[in-house]
Amino acid sequence: MPLVPPYIASLRPYEAGRSIDEVRREYGLTRVAKLASNENPAGPSPLAIERMRHATAALHLYPNGGLDLRRELARQFDLSVENVIAGSGSEGIMANSIRAFLCDENEVLTTEAAFIGFQVLAKSRGVTYRTVPYKNWHYDLEALAAAINERTKIIYLANPNNPTGTIFTKHEFDRFYAHVPERVLIILDEAYFEYAKDNPRYPDSMHYRYDNVITLRTFSKVYGLAGVRIGYGFAHQELIANLLKVKLPFEPSTLAQEAGIGALADKEFLHRSLELNARGIRYLSESLLGLRYDVPASDTNFVMLPLASDQEATRVTENLLRAGIIVRRLSAFGLPHAIRISTGTDEENQAFVSALALS
Ligand SMILES: Cc1ncc(COP(=O)(O)O)c(C=O)c1O
C-alpha cells in the first residue's frame with residue numbers, strides 16, 4: 001500500500017494566478033493589471049472592513065461557527081437559520097459537502113472543464129469523476145440527465161458558470177431536475193449570482209427550492225472579500241445539519257463572519273461594483289467581438305476567450321504579460337486553447353483591449 005494514495009499523487013496542485021509583484025519584477029513594469037482571478041477591481045466593501053476592525057478587540061475568543069452570519073442571512077432571505085451554513089469561502093462548503101455525502105463507490109458528475117476548485121476537491125476524494133461536453137459553451141443539461149447512473153451521488157452545476165460565463169434557465173433546470181433521483185445531491189454554485197440576477201432569463205435558485213439541492217454563494221466576488229474567505233449555502237435543514245457535523249467547528253473565522261455581515265449591509269458598494277462590472281463586461285464583450293473574436297455572452301465578471309490553439313493561447317498570454325496584463329490560462333480547467341479575462345477598472349479594461357489588439 002503506497003504512502004500517498006494514487007488519486008492524490010496524480011493530482012496537479014492548484015496553481016494560483018501570477019501575482020502583480022511577481023509580474024512587475026519579472027517584466028520590469030511599473031503598472032500591472034491583474035485580470036486573472038475574477039476579483040473585484042473596486043477593492044473590498046468598506047462596511048466589511050469597518051466590521052472587521054471593530055471585531056479585532058475580541059480576537060482572543062474562539063468564533064461561534066458562523067452563527068451570527070447565518071442568523072443575518074436567514075433574516076434577509078426569510079429562511080430559518082437551520083437552512084443556512086457559512087464557511088471558509090463557498091469552496092469550504094463544497095469541501096464539506098464532498099466529505100459529508102460521498103462514499104467510496106459513488107460518482108461525481110458535471111460538465112467538462114468545470115470550475116477548477118470543484119474539480120480538485122472532487123478528484124482528491126478518489127471517486128469516479130465523470131463529465132459531459134459543453135454544448136455551445138453551455139451546460140448540456142439533457143446530456144447530464146442522460147449520464148446519471150445508479151452510482152451518481154453529486155452533480156455539480158455552476159450558474160452562472162466559470163469559466164464560460166454562461167447561464168441556464170429555470171425551464172432547462174426543471175427538465176433536467178425531473179431526471180434526478182432524490183438520493184443525488186445537486187451542488188448549485190451561484191458564486192456569480194449578483195452579476196446575473198437582473199437578467200430575466202437567470203433563475204434565482206431561492207425561487208425553486210428542492211430538498212436535494214444546496215445553493216452556494218460567496219462574498220469573494222462582488223463584495224470584494226476573496227482574501228477573507230467567507231461564503232454561504234442554503235439548503236434543506238437535514239443537509240445543513242449533516243454539513244455542520246463535518247465542518248471545522250471554528251470555521252468561518254471571526255473576521256470572516258463579521259466581514260460577511262458588513263458586506264450584506266453595504267448596498268452602496270454592491271451597486272457601485274455592479275455598475276463598474278456591467279460597464280466592463282459590455283466594453284470587453286463588444287471590443288472582443290469588434291476584434292473578431294468569438295466570445296460567449298457572459299453573466300459574470302469575466303469573459304472567456306477561446307483561441308485558435310494552445311500555442312496561440314500561450315502567445316497571447318505572454319504578449320499580454322509583457323504589456324502588464326495578467327489573464328488566466330484555462331489549461332488546468334481542461335481548456336488549453338482558452339483564456340479568461342476578469343473585468344478590471346475602466347482603465348485596466350482599455351489597457352487589455354489595446355494590448356490584445358497589438359498582440
Ligand atoms: C464557480 C465558482 N465557485 C466558487 C468559487 C470560489 O469562491 P470562494 O472564494 O467563496 O471559495 C469561485 C471562485 O473563483 C468560482 O468561480
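Would you call L289 within 30 Å of P63 (Cα to Cα), part of a helix (DSSP H, G or I) and either free of Cβ contacts under 8 Å to residues at least 12 places away in the same chain or within 20 Å of the chain's Cα centre (by Cα) (or both)? No; evaluated as a whole, the condition is false for this residue. The residues listed here are T164, T215; of these, the one that is within 12 Å of the ligand (Cβ to nearest atom), outside any loop (DSSP other than H, G, I, E, B) and of a type in the set (S, T, N, Q) is T215.
Within segment 1-30, the only residue that satisfies the criterion of being more than 30 Å from R125 (Cα to Cα), in a loop (DSSP other than H, G, I, E, B) and touching a Lys or Arg at 6+ places or on another chain (Cβ under 8 Å) is T30. Quick check, is V295 on the phi < 0 side of the Ramachandran plot, crowded, with 22+ Cβ neighbours inside 10 Å, away from the ligand (no atom under 14 Å from the Cβ) and free of Cβ contacts under 8 Å to residues at least 40 places away in the same chain? The answer is no for V295. Give the residue that is surrounded by the fewest Cβ atoms within 10 Å (Cβ to Cβ), with candidates limited to residues of segment 49-84 that are small (G, A, S) and over 20 Å from L216 (Cα atoms). Checking each candidate, the answer is A57.
The residue that is surrounded by the fewest Cβ atoms within 10 Å (Cβ to Cβ), among those in segment 190-210 that are away from the ligand (no atom under 14 Å from the Cβ) and closer than 18 Å to A74 by Cβ, is H207.
Conditions (1) buried (at least 16 other Cβ atoms within 10 Å of the Cβ); (2) assigned to a strand (DSSP E or B); (3) modelled with pLDDT of 95 or more, marked per residue:
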site	(1), (2), (3)
T300	yes, no, yes
R315	no, no, yes
N319	no, no, yes
A332	yes, no, no
L335	yes, no, yes
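A single member of P133, P203, P181, P160 is farther than 30 Å from L244 by Cβ and not aliphatic (A, V, I, L, M), and it is P133. Within segment 239-246, one or more residues are basic (K, R), more than 10 Å from the ligand (Cβ to nearest atom) and within 21 Å of L67 (Cα to Cα). In the set (1) within 19 Å of E286 (Cβ to Cβ); (2) crowded, with 18+ Cβ neighbours inside 10 Å, E347 fails one condition alone, (2).
The requirement of being among the aliphatic types (A, V, I, L, M), touching a Leu at 6+ places or on another chain (Cβ under 8 Å) and without any contact (Cβ under 8 Å) to a residue 60 or more places away in the chain is not satisfied by V303. Please give the number of the condition K34 fails out of (1) of a type in the set (K, R); (2) over 21 Å from the mean Cα position of the chain (by Cα); (3) within 16 Å of the ligand (Cβ to nearest atom). Failing condition for K34: (2). Scan segment 160-173 for residues that are in contact (Cβ under 8 Å) with a residue 12 or more places away in the chain and farther than 19 Å from T110 by Cβ and the total you get is 1. Inspect segment 232-245 for any residue being assigned to a loop (DSSP other than H, G, I, E, B) and in contact with an Asp or Glu (Cβ under 9 Å, 6 or more places away or on another chain) and give the result as yes or no. Yes.
Scanning segment 227-280 for residues that are closer than 29 Å to D211 by Cβ and of a type in the set (D, E, K, R) yields R229, E238, K245, K247, E251.
Looking across segment 237-286, the residues that are of a type in the set (K, R) and free of Cβ contacts under 8 Å to residues at least 12 places away in the same chain come down to K267, R282. In segment 138-161, the residue that is farthest from the ligand (Cβ to nearest atom) out of those that are buried (at least 20 other Cβ atoms within 10 Å of the Cβ) and part of a loop (DSSP other than H, G, I, E, B) is Y139. Here is the figure for segment 63-114: residues that are within 13 Å of the ligand (Cβ to nearest atom), part of a loop (DSSP other than H, G, I, E, B) and aliphatic (A, V, I, L, M) total 2.
The values are calculated or read from the model by the stated rules, or taken from the named source; none is laboratory data. Every value quoted in this text rests on a predicted model; they were computed, and no experiment measured them. With ideal geometry, Cβ positions are generated from the backbone for all residues, glycine too; neighbour counts draw on all protein chains shown.
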